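No value in this document is a laboratory result; all are computed from the given coordinates. Here the structure is a predicted model, which is why all the values come from computation and not from measurement. Quick reminder, even Gly has a Cβ in these numbers, built from the backbone with ideal geometry, and neighbours come from all protein chains shown.
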Amino acid sequence: MKQRQFTFWTCLVATVVSLTGCLQDKVGGVRIYSDTSAELYSIPNQVSMFLFHASSSWKATSPEPWLQVMKESGPGGTDTLKVITTEKNLTGKERTAIVTLVADGELRTVEVKQRDEYAEWDQEELSLPAEGGLMDVGFRTNASDSLQLYVSSHLFKFLEDTRKKDSTQTDTRAESKEGKGNLKWMRVLPNTDSIPREGHFFLAIGVGDNRHVTLDTLKFYQAAFLPDSLKAEDQ
């Protein structure tokens, strides 16, 4: 009988201790359930999320202008802290923001890093006449070894790589020296249609599994062909 009573009281005490521990997990301050650090690419609109539980209303702040907290406050309970990059990282160095999360006077932090790869066109748009010509546009980058050039698919047949004997094979590697590059080696063929050509050129880096991240975009425009009769009317 005494053995049974001892077992009963032992189980009861263990249950009370267990429940008390659970209550302490949920009462008072903030608990972060996900990883407390994240790494984002060096471009805007990169999002990271952290799952947490707050015992009361909470507030979150970011000290860096390049990282914005998407939801800065909320009621107690389980919620998600969301942050988003607002600027390109053109410093050439990785940078870090420490985001603070406060509830019930208790403070927790998460660390968000923004990578350092950058590539930037010298201009936002490039316009060519119907006669075409060389792509005289430059860019700067610190990712020379991994930088790739992508083009809107419908433009490929109108481009000629002047560095190759087989001009139909355009190299996708964006060559650069000492952090600078130029597309003068690429020729745009004449536009003999009555519709302008429009598209984009993308500077990107590979991120594995045949995926890539675009670092900067150049808008391209080529005028339409006008017959001599229409040219005379315009004049």
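In terms of the Cα gyration tensor, with a ≥ b ≥ c the square roots of its eigenvalues, is the range 50-104 rounded because a/c is under 1.5, prolate because a/b exceeds b/c, or oblate? Prolate shape, in that a/c is at least 1.5 and a/b is the bigger ratio. For the pair Leu134 and Thr91, the difference between a 0.36 nm per residue extended length and the Cα-Cα distance amounts to 12.4 nm. Less than 5 angstrom separates the built amide H of Ile43 from those of Asn89, all sequence-distant by 5 or more or on a different chain.
Each Lys or Arg adds one and each Asp or Glu takes one away; over the other residues whose Cβ falls under 12 Å from the Cβ of Val207, this sums to -1. Placing pseudo-labels 7 Å out from each Cα toward the beta carbon at Glu106 and Lys82 gives an inter-label distance of 2.6 nm. For the pair Arg211 and Phe156, a Förster radius of 30 Å applied to the C-beta separation gives a FRET efficiency near 0.90, rounded to the nearest 0.05. Looking at the square roots a ≥ b ≥ c of the eigenvalues of the Cα gyration tensor of the range 83-141, which shape do they give, rounded for a/c under 1.5, prolate if a/b is larger than b/c, or oblate? Here the range 83-141 falls in the prolate category.
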